[in-house]
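All remarks here apply to the structure that follows.
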Amino acid sequence: MKTYIINFIASISILSLSLMASGQDPLEYHYLFPSYPENDRRPIAEKPPVEGWATEKVKEAIDRGAIAIQTDSGCYVSWRWLYNDPDGIAFNVYKSADGRDYVKVNSDPVTVTCDFFDPAASLSETTKYQLRAVLDNRELETVQVQSLPDTYHSIPLRGNYQPEKVAIADLNGDGIYDYVIKQPDKTLGGGIRGIQSVGDKDLTYKLEAYLHDGTFLWQMDLGLGIEPGIWYSPYIVYDLDGDGKAEVAAKTAGKDFVRDEVGRVVSGAEYLTIFDGMTGKQLAQTDWIPRSRRLGDYVRTNRNQMGVAFLDGKTPFLLIERGTYKAMFLEAFTFRNKTLEKHWHWDGDEENPIVRHQGAHFMHSVDVDNDGREEVMLGSVVIDDNGEALWSTGFGHPDKCFVTDILPDREGLEVFYAIEDTHNNGDGVCLVDAATGKQIWNIGHKTVHVGRGMVADIMPEHRGLECFTAEDPKAGWNDSYMLAANGDYLARNEGVPSTSNWLFWDGDLLRERLQYDWRGSPEKIVSHVEKYDGTSYPAQVEGKIIMVADILGDWREEVIATVPGELRIYSTTIKARDKRVTLMQDPIYRVDVAHASMGYTQPPVTSYYLGE
């Protein structure tokens with residue numbers, strides 16, 4: 001397969017000379033070049049495909065995730081359907097009360113859905129459920145069902161703090177998801193404008209690991225060499241060596257750091273460190289991508305991300321990235337036998353000017369060109385498995401981008417962009433082909449600083465996923481926009497929903513949203529679930545929402561929220577209408593969830609069309 005990147009050498013040279021004469025940096029104007037026609041491509045020197053250690057794709061082994069939740073009218077039992085379940089599989093639900101033998105409570109095997117409602121039942125310490133798979137009238141495995149006497153699963157923390165981030169992975173290899181949090185939910189603050197509170201200059205982040213049942217495993221202080229803030233402290237949790245147990249990968253610092261008078265770390269050694277998920281013991285370490293003036297000022301120099309991608313289609317490669325707004329650097333590693341091996345380094349400045357300033361606040365890993373190998377989407381630029389740029393739109397920094405099947409009647413995947421840079425020609429809100437970067441449609445008018453975005457099927461009368469965005473008011477522009485999957489303009493301002501906290505909660509394929517009901521302080525937030533048409537569900541979610549993911553029960557999603565001293569995982573109790581393979585076994589969705597422990601959180605999406 002040839003790797004291609006856009007050739008605008010002549011155009012860039014002419015523009016560069018003009019801008020140099022005016023004393024301006026030509027590379028700041030790369031976004032003037034939009035999608036590129038086929039005849040303006042050139043083949044570039046291609047590196048060989050990367051190869052990892054795996055001989056077949058490493059797949060996560062997870063259990064049924066079976067849960068029983070108490071409701072006002074009985075017990076709701078829900079479980080996973082797995083990708084390797086044979087056709088014709090069904091399920092029986094058994095109950096034991098007061099220590100007596102388990103008795104089947106369903107009359108016929110459950111085939112249509114992966115849930116069951118047991119009316120008039122009451123959960124207690126002496127009431128337990130079991131799930132048994134059925135195939136050809138023969139019962140197979142027996143799975144113990146986790147009882148949730150409340151409407152949520154609680155993970156008590158070791159103090160009255162709230163996590164800033166949470167990572168979901170199986171730490172001990174039992175097929176059940178565990179939790180690694182980063183706390184507290186505080187930063188030195190300020191962003192580009194500097195530090196908000198000098199009094200917090202000695203604040204440090206701590207990583208903490210908990211098993212699914214709340215068992216505390218370990219705590220690690222990242223120390224004063226890691227400045228508290230989203231971009232300075234990325235970490236992810238994933239099974240990197242294929243042993244069935246997840247490792248913790250984090251950006252760490254040496255002891256030679258220097259903090260200025262307000263707490264910013266201005267120098268010192270930085271590392272990529274791998275820790276054992278069960279013990280927190282260091283397993284391997286190597287240098288982090290170094291600081292560079294090419295990245296910009298202090299804040300821009302310290303924009304860091306991490307990720308996982310199956311670059312060879314089989315091996316989980318660990319990714320580290322530095323930069324967003326100017327130069328960008330990306331490196332790929334494998335971890336095996338307690339050793340980190342670097343496979344390539346990508347330089348997003350020297351290779352070609354139009355890949356500069358193209359970074360987003362979240363990276364995606366996805367096989368965009370259907371060659372069996374995943375690429376890395378850093379924003380408006382996509383890096384091939386071999387560490388070369390595959391394509392770039394040149395539109396600049398997207399605050400949000402989503403890659404999924406947005407247009408179900410069109411072959412392949414699409415990418416929806418909400419671009420921060422000002423565009424007069426409509427490119428600030430657009431849809432492009434995921435394989436080539438070629439634009440499919442744009443919004444058709446000026447946008448100033450589109451800071452939020454989302455794709456979801458929320459209007460069944462329109463085919464495909466709706467695309468909705470909002471300008472960032474700090475740029476002096478308050479408009480919001482919604483377009484259909486085919487680019488038809490649906491709404492501007494009135495009728496455009498918020499872009500945050502969308503999830504699959506009820507029985508249909510329209511995505512719902514968690515609506516915050518503020519009650520005086522962040523510690524007293526309560527949310528309810530509602531559809532775009534205004535239908536509201538009685539679910540009450542307390543606390544700050546830090547992730548949405550399908551981690552328990554059937555294919556619908558859980559809400560992970562925090563209140564002081566507690567992590568809460570809320571699940572739906574609405575009866576399903578069908579069954580679907582758990583979303584966590586979809587490649588794009590699973591890695592989106594893995595990446596949610598770093599960067600700005602956004603709802604995960606699937607590699608296939610998921611809508612009405």
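Table for the structure above
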read-out	value
Charge dipole (debye, nearest 20) of region 81-239; +1 at Cβ of Lys and Arg, -1 at Cβ of Asp and Glu	500 debye
Counting DSSP beta bridges with both ends in the chain, the antiparallel % (nearest 5)	95 percent
Above-threshold pairs, the threshold being 27 Å between Cα atoms, out of 186/281; 438/579; 95/245; 59/206	438/579; 95/245; 59/206
Candidate values (1) 25.2; (2) 28.8; (3) 27.1, label of the one derived for Kirkwood radius over Cα pairs in Å	(1)
Cα-based reach from residue 47 at 16 Å (exclusive), listing lysines while leaving out same-chain residues under 8 positions away	2, 342
Mean accessible surface per residue for region 369-433, computed with a 1.4 Å probe while every protein chain stays in place, in Å²	21 Å²
The chain: relative contact order as a whole-number percent, Cα under 8 Å and 6+ apart	13 percent
Charge dipole magnitude, Cβ of K and R +1, D and E -1 - the chain, Cα centre, debye nearest 20	1200 debye
Degrees, to the nearest 10: 9-21 long Cα axis against longest axis of the chain	60 degrees
Approximate spin-label separation residue 285-residue 120, in nm, with each point projected 7 Å along Cα-to-Cβ	6.4 nm
Relative contact order for region 497-604, counting Cα pairs under 8 Å that sit 6 or more residues apart, in percent	23 percent
Inter-probe distance in nm under a simple model that places probes 7 Å from Cα toward Cβ, at residue 140 and residue 461	4.4 nm
Net charge of Cβ neighbours under 13 Å - reference residue 135; Lys, Arg +1; Asp, Glu -1	-3
Share of carbon and sulfur in the accessible heavy-atom surface of region 524-592 [1.4 Å probe, %]	52 percent
Region 442-532, relative contact order in percent, only Cα pairs under 8 angstrom and at least six apart counted	21 percent
Within-11-Å neighbourhood charge of residue 500 [Cβ basis; K, R +1; D, E -1]	+3
Table column - 3J(HN,Hα) (Hz), region 526-534, Karplus curve with 6.51, -1.76, 1.60, x for Gly and Pro	10, 10, 10, 9, 9, 8, 4, 7, x
Surface accessible to a 1.4 Å probe, per residue, for the residues of region 442-499, Å²	40 Å²
Contour excess over end-to-end distance, with Cα ends at residue 537 and residue 262 and 0.36 nm allotted per residue	94.4 nm
Per residue accessible area in Å² of region 148-288, where ligands, DNA and RNA are left out and the probe is 1.4 Å	39 Å²
Apportionment of accessible area to carbon and sulfur, region 394-475, percent (1.4 Å)	45 percent
Share of carbon and sulfur in the accessible heavy-atom surface of region 219-343 [1.4 Å probe, %]	46 percent
Potential extension, residue 73-residue 494 segment - 0.36 nm per residue separation minus Cα distance	147.7 nm
Label-point separation, residue 84 to residue 255 (7 Å along Cα→Cβ), nm	4.7 nm
For residue 216, net neighbour charge (Lys/Arg +1, Asp/Glu -1) across residues whose Cβ lies under 14 Å away	-2
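The values are calculated or read from the model by the stated rules, or taken from the named source; none is laboratory data. Note that the coordinates shown come from a computational prediction; the quantities given were computed from them, not determined experimentally. Neighbour counts are summed over all protein chains in view; Cβ atoms, including those assigned to glycine, are modelled from backbone coordinates with ideal geometry. We work out accessible area using only protein heavy atoms, side chains counted, and drop any ligands, DNA or RNA first. Shrake-Rupley method; radii C 1.70, N 1.55, O 1.52, S 1.80 Å.
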